[in-house]
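The values are calculated or read from the model by the stated rules, or taken from the named source; none is laboratory data. Since the structure is predicted, the reported quantities are computational estimates derived from the model, not experimental observations. Neighbour counts are summed over all protein chains in view; Cβ atoms, including those assigned to glycine, are modelled from backbone coordinates with ideal geometry.
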């Protein structure tokens, strides 16, 4: 059995690889080749959680189980740490164990890239980022993979972290003008695309301020108690798409709350990634507000873990 670290994977396995591998697993899911359980989220305390995500691909005869620890109060360690165990289903051998922090961020960014490519205006060039933690980084990398972004406006409650985030993106080769906003309203006012990646239990921006034509990627909240977008954002969205509808019904706090309040019904969600990853462009006008909500599912982790296995087996 091989062991792969985040650093080893990050040198070889990039956003472009993850996007293609996510598309491949979505095709397997469409062909009924995927078996998974809804992930288990166990609270450690009021701040920290443990996540467990199993998945089997009948098509590739591969199984994974991912374990993720989320400890937002970590100071010297990453707030999100993960590991994936990969098993060969032809004989039951455990083939690899690999760090999953980078892969989790990467697959989430790849999923947002696919959604953004289908929903954001083709001429979108200003990206707004709310939340500049680890998850936000690959979200930016995913968007710049599919749109020609000229300017990135960053907001974080701790302004110093936003400046550091900008330097990291520059070091990664992102060619854009950077601006650190003093207030979240500046992001909403300027952005053509908004990436929201926080673990807030209260909405972090006001939906009434959204401008026509904006596309929103909401990826931070993953529990029913979390709600980084308000009801007005959801009500104003002309199109709502998600990563996995069953997981969304269990874990997307802002959508669950909106349904409970009668703002929308589950039937108002146009589809999951499996429904539109290979569909034509979905935006019908430049004035539409579009929303993509993601909480994650095991088959997305299987997609990138399988891609890494193929790469390192060559």
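To keep it simple, each residue is scored yes or no on (1) under 19 Å from the mean Cα position of the chain (by Cα); (2) surrounded by 15 or more Cβ atoms within 10 Å (Cβ to Cβ); (3) under 15 Å from residue 100 (Cα atoms).
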| position | (1), (2), (3) |
| --- | --- |
| 18 | yes, yes, yes |
| 30 | no, no, no |
| 39 | yes, yes, no |
| 53 | yes, yes, yes |
| 70 | yes, yes, yes |
| 80 | yes, yes, yes |
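When residue 272 is evaluated against the numbered criteria (1) within 20 Å of residue 53 (Cβ to Cβ); (2) crowded, with 22+ Cβ neighbours inside 10 Å; (3) modelled with pLDDT of 95 or more, which criterion, by number, is the only one it fails?
The failed condition is (2).
When residue 262 is evaluated against the numbered criteria (1) free of Cβ contacts under 8 Å to residues at least 12 places away in the same chain; (2) farther than 25 Å from residue 6 by Cα; (3) part of a helix (DSSP H, G or I), which criterion, by number, is the only one it fails?
With (1) free of Cβ contacts under 8 Å to residues at least 12 places away in the same chain; (2) farther than 25 Å from residue 6 by Cα; (3) part of a helix (DSSP H, G or I) applied to residue 262, the lone miss is (3).
Run residue 104 past the list (1) modelled with pLDDT under 95; (2) under 28 Å from residue 56 (Cα atoms); (3) surrounded by fewer than 21 Cβ atoms within 10 Å (Cβ to Cβ) and report the number of the one that doesn't hold.
Of (1) modelled with pLDDT under 95; (2) under 28 Å from residue 56 (Cα atoms); (3) surrounded by fewer than 21 Cβ atoms within 10 Å (Cβ to Cβ), only one is false for residue 104: (3).
Residues that are closer than 19 Å to residue 312 by Cβ: which strands (runs of 3 or more DSSP E) entirely in segment 1-74 hold 3 or more of them? Before you say what the answer is, go through the steps one by one.
Numbers: elements: 2-4, 34-36, 40-43, 49-57, 62-70.
Ranges flagged: 2-4, 62-70.
Could you check segment 80-129 and list, in sequence order, the residues that are part of a strand (DSSP E or B), in contact (Cβ under 8 Å) with a residue 60 or more places away in the chain and out of contact with any helix residue (DSSP H, G or I) (no Cβ under 8 Å at 6 or more places or on another chain)? Full working, then the answer.
As a first pass, look at segment 80-129 and keep what is part of a strand (DSSP E or B): 80-88, 94-99, 126-129.
Remaining after also requiring in contact (Cβ under 8 Å) with a residue 60 or more places away in the chain: 84, 86, 94-99, 126-129.
Within segment 80-129, 94, 97 meet the criteria.
Might you check whether a residue that is at pLDDT below 95, crowded, with 24+ Cβ neighbours inside 10 Å and within 18 Å of residue 22 (Cα to Cα) occurs anywhere in segment 88-100?
yes
For segment 273-293, enumerate the residues that are in a loop (DSSP other than H, G, I, E, B) and closer than 13 Å to residue 114 by Cβ. Give the derivation first.
Within segment 273-293, the subset in a loop (DSSP other than H, G, I, E, B) is 277-289.
Within segment 273-293, 277, 278, 279, 281, 282 meet the criteria.
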